[in-house]
Amino acid sequence: MLQLRYHCRDSSFYIPAYTLLMKDYWNKNWQHIFATNNLANFNAIWDLETEWFEEPNKRRGGWSGVVKVDLDIAEGKTCVFIKRQENHITKTLFHPVRGMPTFEREFNNILRMQKRNLPIMELVYFSKRVINGNLQSILITKALTDYIPLESERFLSSGDLVKNTAHKDKLLTSVADTLRLIHQHHYQHNCLYLKHLFVKPDGDNWDIKIIDLEKLKWRFFKQDAVFRDLYTLHRHAQGWSVKDHVKLFKAYVQESKLSDKSKKLWRDIESKVLSKQDK
């Protein structure tokens, strides 16, 4: 079999010839839109010239970057995020030597969560190829227009998005309900910062979406996922008051008065947060 060579970090890897081409994944609702915007295939999307939304991240033996693109549709405009990367590899249990593109891992995670109708961004396109010895991949998702990352100061007490205490309590409950739903399927986000939780006001309620699923993993023991994600969120939600943290936790465990089991979980989370702050 013909073999192709590319370089990742300082080691050489061989890619079978069949990886030269991969059948593109298209969301059927989007393929025509991209075609009418002259972005019908991998080459056109890869060669698209526009300013970076996020400057390319140069690590893992290659680079990875994001652009935000407005597309023409009959109703006006729609917006997508196009992620492109080259030789940006991660090692996995099933790809321990050769590795796989980090976007391919995120693509697979999106498919898993999409199958279970979990609250994530809309998948538009994915494909990968090897050209001139370089492993390239593209992942496209619909932009969460009208959603705001939870790290925004607009959600703080001095912000303009929270109407009153009851409205804020509903926000914390909505976040807790979303995380509990994810964990019921034994999924661990594994990088749960406020910037990865996108929120949209919906009258007196809130709609929540979770993004950045590259590091998502399935855990055999659900409690492992619960602890890791609640700890990470607690540690990085630095603008929140202790009262906010407690309200979210109570909403998550669905207890107005914490049980002994929940008290232990809360103490373990706080203990780990404090241990990290001391370092």
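Structure summary
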| item | result |
| --- | --- |
| Largest to smallest accessible area among ARG154, ARG267 [probe 1.4 Å] | ARG267, ARG154 |
| For the chain: accessible area per residue (Å², 1.4 Å) | 56 Å² |
| Rough spin-label spacing in nm, given labels placed 7 Å along Cα→Cβ, for TRP63 and ASN205 | 4.5 nm |
| Carbon plus sulfur fraction of accessible area for the range 136-179, probe 1.4 Å, in percent | 46 percent |
| Crossing angle, helix 222-236 versus the chain [Cα axis fit, 0-90 degrees, rounded to tens] | 80 degrees |
| Ranking by accessible area, most exposed first, for HIS32, HIS196, HIS236 with a 1.4 Å probe | HIS32, HIS236, HIS196 |
| Among PHE221, PHE155, PHE198, residue whose mean-square fluctuation peaks in a GNM of the chain (springs only between Cα atoms under 10 Å) | PHE221 |
| For PHE42, solvent-accessible area (1.4 Å; no DNA, RNA or ligand), Å² | 20 Å² |
| Sequence of ASP72, ASP160, ASP212 from largest to smallest accessible area, 1.4 Å probe | ASP160, ASP72, ASP212 |
| For ASP268, solvent-accessible area (1.4 Å; no DNA, RNA or ligand), Å² | 60 Å² |
| Projected label distance in nm at SER275 and ALA143, using a 7 Å step from Cα toward the beta-carbon | 4.2 nm |
| When each of LYS58/LYS200; LYS195/LYS217; LYS215/LYS272; LYS200/LYS261; LYS200/LYS250 is checked by Cα-Cα distance, pairs over 25 Å | LYS58/LYS200; LYS200/LYS261 |
| With Cα atoms, 0 to 90° folded angle of helix 165-184 axis to the chain main axis | 50 degrees |
| For the chain, size of Cβ-based charge dipole, Lys and Arg +1, Asp and Glu -1, in debye | 1300 debye |
| Percentage relative contact order, the range 86-236, counting C-alpha pairs under 8 Å, at least six apart | 23 percent |
| Extent along principal axes [Cα atoms of the chain; Å; largest to smallest] | 64, 46, 33 |
| Over the chain, relative contact order from alpha-carbon pairs under 8 Å, at least 6 apart, % | 14 percent |
| Two-site label geometry, ASN190 and ALA44: point separation in nm, points 7 Å out along Cα→Cβ | 3.5 nm |
| LYS142 accessible area, 1.4 Å probe, all protein chains in place, Å² to nearest 10 | 80 Å² |
| Over the chain: helical MRE at 222 nm, DSSP H runs n ≥ 4 each giving -39500 (n - 2.57), nearest 500 | -10000 deg cm²/dmol |
| Ratio of the Cα radius of gyration of the range 177-254 to 2.2 N^0.38 Å, where N counts its residues | 1.08 |
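The values are calculated or read from the model by the stated rules, or taken from the named source; none is laboratory data. The shown structure was predicted, so the numbers you read here are calculated from the model rather than taken from an experiment. A quick note on method: Cβ atoms are made from the backbone with ideal geometry, for glycine too, and the neighbour counts reach across all protein chains shown. Accessible surface is based on the protein model in full, side chains and every heavy atom, while ligands, DNA and RNA are left aside. Shrake-Rupley method; radii C 1.70, N 1.55, O 1.52, S 1.80 Å.
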